[in-house]
1. Only Cα pairs under 8 Å and at least 6 apart count here; give the relative contact order of the chain as a rounded whole percent.
2. Looking at this model, which pairs from Lys39/Lys221; Lys39/Lys80; Lys195/Lys238; Lys80/Lys195 are more than 20 angstrom apart at the alpha-carbon?
3. So for the chain, taking the charge dipole from beta-carbon charges (+1 Lys/Arg, -1 Asp/Glu), which of Asn21, Gly213, Ser231 sits furthest toward the positive end?
4. At most 12 other Cβ atoms within 10 Å plus a DSSP loop assignment makes a site exposed; report the longest stretch of the chain without any exposed trypsin sites (Lys or Arg not before Pro).
5. Points 7 angstrom from Cα along the Cβ direction at Ala81 and Gln60: gap in nanometres?
6. With r as the distance between the Cβ atoms of Arg235 and Val38 and R0 = 30 Å, compute the FRET efficiency 1/(1 + (r/R0)^6) and round to 0.05.
7. Where both partners of a DSSP beta bridge lie in the chain, what percent of those bridges are antiparallel, to the nearest 5?
8. Can you work out the FRET efficiency for the pair Ser155 and Arg104, with r the C-beta to C-beta distance and R0 = 30 Å, to the nearest 0.05?
Amino acid sequence: MRLTIGWLYPTKMNIYGDRGNVIVLARRARWRGIDPEVKAIGIGEPIPPDVDVFFFGGGQDQEQIAVSADLRGAKGEALKAAVEEGAALLAVCGGYQLLGHEYRPHAGEPLPGIGLFDLTTAAGHERFIGNVVIDSEWGELVGFENHSGLTYLGSGARPLGRVRVGRGNNGKDGTEGAVYRHAIGCYLHGSLLPKNPVVADWLIAAGLGRRSGPVALSPIKDDMELIAHASAVERAVKTH
Ligand code: GLN
């Protein structure tokens, strides 16, 4: 069995350890005898038809200008079509914002998004920086946020979770992230998946399931991951 990971804009949208998410997806597949293949999808490069799981990292406003322009039209439509057909996706911060309808940075023109998630984002006056703990359908998740964008969900998007520590989507309504089909968007850098392996496995199973029907992944001993999770939560609560 093979797992194809589509890494969107690896050289432009990759901050605060985001690369770690791609490493975890590939490693947890390989530990189950599933052959991972990572396909980098840069500016001007089409969406390959065989991607099971997409990853889209964060980036500064400057990078988001070029990426937003690149996703306009056919490429964004191809990405949305892949998710509609069941492909899994994880997008973090700047990538998450560009999968909504629009991102309004501090300076410059509003950046159109592809509208995969029913949400909009506008830069606020304060930068939200710090550890985050949320309660979600995958249980307790922990990560790190660093964004000025304030994201508001529309009726077509359900939140990834409720904030327990940190600011989340907008620091007001208590929500963090968004989920649509097998696509997860969030503000959780760190990187997210090493400390929250349950989400990694959900993405792998969902992505593989697109081609071969429901997949039950063999269990892995996650001692280190769970220790890292617990210590990150403890630190988040202490520094809150
Ligand atoms: N530039 C965006 C913001 O400030 C995203 C930042 C990021 O990806 N960490 O909100």
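Bear in mind that the values in this text are calculations on the coordinates, not laboratory data. Only a predicted model underlies this, so the values are computations on that prediction, with no experimental measurement involved. Virtual Cβ from ideal backbone geometry, glycine too; neighbours counted across all protein chains shown.
1. Details: 546 pairs, mean separation 47.3, N = 240.
20 percent.
2. Working: Lys39/Lys221 28 Å; Lys39/Lys80 18 Å; Lys195/Lys238 18 Å; Lys80/Lys195 28 Å.
The answer is Lys39/Lys221; Lys80/Lys195.
3. Among Asn21, Gly213, Ser231, the one farthest towards the positive end of the dipole of the chain is Ser231.
4. Working: sites that count: Lys172, Lys221.
The longest uninterrupted stretch comes out as 1-171.
5. 3.6
6. On the way: r = 30 Å, r/R0 = 1.01.
With R0 = 30 Å, the Cβ-Cβ based efficiency is 0.50.
7. Values: 27 of 49 bridges.
Counting only bridges with both partners in the chain, antiparallel ones make up about 55 percent.
8. Numbers: r = 21 Å, r/R0 = 0.68.
The pair Ser155/Arg104 has a calculated efficiency of 0.90.
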